[in-house]
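Derivation of every value follows stated rules applied to the coordinates shown; laboratory data play no part. What you see is a predicted model, and the numbers here were worked out from it, not measured in a lab. Note that each Cβ is placed from the backbone with ideal geometry, even for glycine, and that neighbours are counted across all protein chains shown.
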Amino acid sequence: MREKLPERMEHGGRVRWHRARGRDELLDFSANINPYPPDIDWTPDPSVLTDYPDDRYEILKEVIGRIFGRDAAEITVGNGSIELIRAFCSAMLRKGDSACIRPPTFAEYEMAALLAGARCITRSRGAAVWFLCNPNNPTGELHTRQEILRLLAGAAEQGAYLFLDEAFIELSDPRQSLAGTPHENLFVMRSLTKSFAVPGIRFGYGFGTPELIERVETVRLPWTVNAFAESFAIEAFRNYDKLEESRERIARERGWLCDRLDRLGLTYEPPSANYILVEIPVESEMLVERLLGHGILVRDCSSFGLPRHIRVAVRTCEENEQLIEALETCLP
């Protein structure tokens, strides 16, 4: 008998699904996308579609390496961050291994570990891989660089790997990043699509020792970064410094949004990035449906084990005002 597979994980960003079912005018607060992305002068060039991409992605990796001070051999790329999570787990976890995952956090760590044959535990002792999302999704908790370095030292002492997910750190505080820190027990993952607001491109990248990257690249399917995604990523990294303005504008809007949530009497986790985890006085499914009726899509956090929480993205000033107005109407 075939082994039963784990159930697929729930994610936000289902606005296309809702629109296909008659909800045309929706503001998507369920996906944590940069509301103020850098302006990239890029136009798809159909001529790049006539050849296979270079599966080693040498030019792309060199561009990334110049930004983070890493050699191309220390960089991997993939079709979004989830592909890299699964490739890492497939390369580094064996059947019977344990992975340390402390909820609530991104569900794909558990999915990837289970598919690799590992079991998931909440304690670090005995685990082959420790997963940490920084800032965490959905809570927004941000650990300092020094805290992460101490955690890394603990993992190394036990012979474990630290998988550090920094998908949102570019919209939070990049000074806390370990992307430029080579260590034989560390893998750092990033996502370009959130910071540059192009989730349809699907592009993730990661850093590790050449030996670790070699294993991940061996497992990763060939040519998963398509030619358009590669072309856009190269241009985006050439404009990487413009993300500083995005962070500043997000911080201002986040402060305004928190102030309005305070006035509504709502409790929320201290946010550090472009999303806020909000505790609500009703079941999340009920409030999500009410908000949909007002053209607002938020993230139901029941799948995180938080049945009375929603996660809302920080969007533009006008859009955030619409969210608050809808909450005022929909909350009991």
Task: From phi via Karplus (6.51, -1.76, 1.60), per-residue ³J(HN,Hα) for the stretch 265-280 in Hz, x at Gly/Pro - done: x, 8, 9, 8, 6, x, x, 10, 10, 9, 7, 9, 8, 10, 7, 10
Open item on the list: I need the phi-derived Karplus couplings for the stretch 30-43: 6.51 cos²θ - 1.76 cosθ + 1.60, θ = phi - 60°, integer Hz, Gly and Pro marked x.
Closed with: 8, 10, 8, 10, 4, x, 10, x, x, 7, 9, 7, 9, 10
TODO: Only loop residues by DSSP count here, and only those with at most 15 other Cβ atoms within 10 Å; note down the trypsin sites (Lys or Arg not before Pro) in the stretch 103-162 that meet that.
DONE: Arg123, Arg125
Open item on the list: Within the chain, count lysine pairs with alpha carbon atoms under 25 angstrom apart where the residues are 8 or more positions apart or belong to different chains.
Closed with: 4
Task: Of [x] -0.67, -1.10, -1.29; [y] -0.60, -1.18, -1.46; [z] -0.67, -1.21, -1.45, the label for log10 I(q)/I(0) by the Debye sum over Cα atoms at q = 0.10, 0.14, 0.16 Å⁻¹ derived from the coordinates - done: [y]
Open item on the list: At a 10 angstrom cut-off on C-beta neighbours, averaged per residue, how do the peptides 284-296, 303-315 rank from highest to lowest?
Closed with: 303-315, 284-296
Task: Residue exposure sequence - Cys258, Cys89 - by fewest surrounding Cβ within 10 Å - done: Cys258, Cys89
Open item on the list: Taking the Cα centroid of the stretch 269-324 and of the stretch 107-150, what is the distance between the two, rounded to the nearest whole Å?
Closed with: 24
Task: Of all DSSP beta bridges in the chain, antiparallel share, percent nearest 5 - done: 50
Task: Whole-Hz ³J(HN,Hα) from phi, Karplus 6.51 cos²θ - 1.76 cosθ + 1.60, for the stretch 4-9, glycine and proline x - done: 5, 7, x, 6, 4, 8
- [ ] Among DSSP beta bridges whose residues both lie in the stretch 52-241, state the antiparallel percentage, nearest 5.
- [x] 35
Task: Likely footprinting exposure, Leu5, Leu162, fewest C-beta neighbours within 10 Å first - done: Leu5, Leu162
Open item on the list: Only sites in a loop by DSSP and with at most 16 other Cβ atoms within 10 Å count here; which trypsin sites (Lys or Arg not before Pro) in the stretch 210-244 make the cut?
Closed with: Arg238
Task: Highest-MSF residue in the chain out of Asp241, Asp165, Asp51 [GNM, Cα springs under 10 Å] - done: Asp51
- [ ] Counting helices only, and only those DSSP H runs with n ≥ 4, report the 222 nm mean residue ellipticity of the chain as the sum of -39,500 (n - 2.57) divided by its residues, in deg cm²/dmol to the nearest 500.
- [x] -10500 deg cm²/dmol
Open item on the list: Taking amide H atoms as placed 1.01 Å from N in the peptide plane, list the residues 5 or more away in sequence, or in a different chain, whose amide H sits under 5 Å from that of Ala118.
Closed with: Gly96
Open item on the list: Let me check I've understood the local charge: for Leu142, count other residues with C-beta under 13 angstrom from its C-beta, Lys and Arg +1, Asp and Glu -1. What total comes out?
Closed with: -3
Task: Among Ser81, Ser47, Ser302: highest mean-square fluctuation, GNM of the chain, C-alpha pairs under 10 Å - done: Ser47
